[in-house]
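Participant: First, the structure itself, so that you have it in front of you.
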Amino acid sequence: MTKNNRSPAGWDAVANWYHGWVGEKGSDHHRKLAIPAILDLLQLKQNEALLDIGCGSGVLAAYTHEHQVVYTGIDVSERLVKIARQQHTGTFIVGDARRLKQQASIAPQSFDACAFLLSIQDMNPLEDALHSAAYALKPGGRIAILMTHPCFRIPHLSGWGYDEGRKLQFRRIDRYLTPQRVPMKAYDGNRSGNTVSFHRPLSAYINALGSNGFAVDALREITTYKQPRDKATRRAEQEIPLFLGLHARKVNE
């Protein structure tokens with residue numbers, strides 16, 4: 001695995017910064033948008049086994065106990081998993097999301113649901129991550145993915161613009177169809193670490209799910225919770241989504 005490809009080299013170095021930003025219960029975007037959306041997609045039931053893939057510092061674990069599920073989180077960063085174990089109950093594993101078959105503690109077809117909460121865009125190749133999820137899921141098991149919207153939120157290749165003549169705020173997309181490996185800015189006060197995000201068009205996610213035995217049965221497009229005073233900004237924020245949620249079921253063995 002190369003540096004910054006959701007590897008310890010990329011995420012261990014930013015673990016303290018990430019935890020400081022997210023906290024125990026998540027950032028504002030986690031609490032107000034991302035976590036409610038993924039729980040709505042998952043529709044967890046009592047005693048179900050949930051695998052949180054790319055769990056980071058375990059934010060989702062704090063919201064699953066009320067559903068009385070059996071929670072397991074896995075992340076490649078040893079430091080983030082250590083933080084997760086310190087602040088949440090559940091099972092936390094250090095491991096590569098793309099190679100779940102190599103994890104002795106993860107048996108095949110042992111989970112009712114898998115979640116990718118703001119993590120799948122840090123994983124590459126996509127096919128490997130979804131193949132691993134299929135390995136871990138029971139027949140008929142389900143997968144929920146919550147990510148920044150790949151059609152509108154492309155790191156370094158999209159942004160807001162303003163049409164003065166029309167008094168209209170718009171979203172500028174510089175590139176979309178071509179997959180991109182995007183180095184993100186360095187984090188923490190010492191600028192000692194940075195990570196990589198992988199942009200892919202929406203079709204890449206749908207096709208990869210299909211090729212790994214999943215049938216997509218729900219899609220959510222989620223706008224920000226913010227309510228800017230400026231009319232043009234508010235209208236744009238209400239119309240152009242920040243997050244995309246996908247739900248799929250495992251239909252093939």
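The values are calculated or read from the model by the stated rules, or taken from the named source; none is laboratory data. Everything numeric here is computed off the predicted structure, so don't read it as measured data. Backbone-built Cβ (ideal geometry, glycine too); neighbour counts: all protein chains shown. Just so you know, the surface numbers come from the protein's heavy atoms only, side chains and all, with ligands and any DNA or RNA stripped out. Shrake-Rupley method; radii C 1.70, N 1.55, O 1.52, S 1.80 Å.
Participant: If I filter the stretch 62-81 down to residues being open to solvent by 20 Å² or more (accessible area, probe 1.4 Å), assigned to a helix (DSSP H, G or I) and without any contact (Cβ under 8 Å) to a residue 60 or more places away in the chain, which single residue comes out as nearest to residue 251 (Cα to Cα)?
Facilitator: Checked the stretch 62-81; the qualifying residue nearest to residue 251 (Cα to Cα) is 67.
Participant: If you scan the stretch 34-61, which residues turn out to be within 15 Å of residue 80 (Cα to Cα) and not in a loop (DSSP other than H, G, I, E, B)?
Facilitator: Residues satisfying the conditions are 52, 53, 59, 60, 61.
Participant: Of the residues that make up the stretch 193-207, is at least one over 27 Å from residue 32 (Cα atoms) and of a type in the set (D, E, K, R)?
Facilitator: Checking the stretch 193-207: not a single residue is over 27 Å from residue 32 (Cα atoms) and of a type in the set (D, E, K, R).
Participant: How about the stretch 91-208: which strands (runs of 3 or more DSSP E) wholly inside it have at least 2 residues that are at pLDDT below 95?
Facilitator: Where strands (runs of 3 or more DSSP E) fall fully within the stretch 91-208 and carry at least 2 residues being at pLDDT below 95, they are 180-183, 196-199.
Participant: If you check residue 153 against the conditions, is it in contact with a strand residue (DSSP E or B) (Cβ under 7 Å, 6 or more places away or on another chain) and among the basic types (Lys, Arg)?
Facilitator: no
Participant: Assess whether residue 242 counts as being in contact with a His (Cβ under 8 Å, 6 or more places away or on another chain), modelled with pLDDT of 95 or more and either open to solvent by 20 Å² or more (accessible area, probe 1.4 Å) or under 25 Å from residue 163 (Cβ atoms) (or both).
Facilitator: Yes, satisfied.
Participant: Right, something else. Working carefully through the options 28, 40, find the one that is of a type outside the set (A, V, I, L, M, F, W, C), within 16 Å of the chain's Cα centre (by Cα) and modelled with pLDDT of 95 or more.
Facilitator: Result of the check over 28, 40: 40.
Participant: Continuing with the same structure: Scanning the stretch 1-25 for residues that are modelled with pLDDT under 75 and charged (D, E, K, R), which turns out surrounded by the most Cβ atoms within 10 Å (Cβ to Cβ)?
Facilitator: Result: 6.
Participant: If only one of 107, 133, 97, 129 is within 18 Å of residue 75 (Cα to Cα), of a type in the set (Gly, Ala, Ser) and surrounded by fewer than 23 Cβ atoms within 10 Å (Cβ to Cβ), which one is it?
Facilitator: Among 107, 133, 97, 129, only 107 is within 18 Å of residue 75 (Cα to Cα), of a type in the set (Gly, Ala, Ser) and surrounded by fewer than 23 Cβ atoms within 10 Å (Cβ to Cβ).
Participant: So which residues in the stretch 26-43 are open to solvent by less than 20 Å² (accessible area, probe 1.4 Å) and either among the aromatic types (Phe, Trp, Tyr) or within 14 Å of residue 66 (Cβ to Cβ) (or both), if there are any at all?
Facilitator: Matches in the stretch 26-43: 35, 42.
Participant: On to the next question. Quick one: is residue 122 under 18 Å from residue 205 (Cβ atoms) and in contact (Cβ under 8 Å) with a residue 12 or more places away in the chain?
Facilitator: yes
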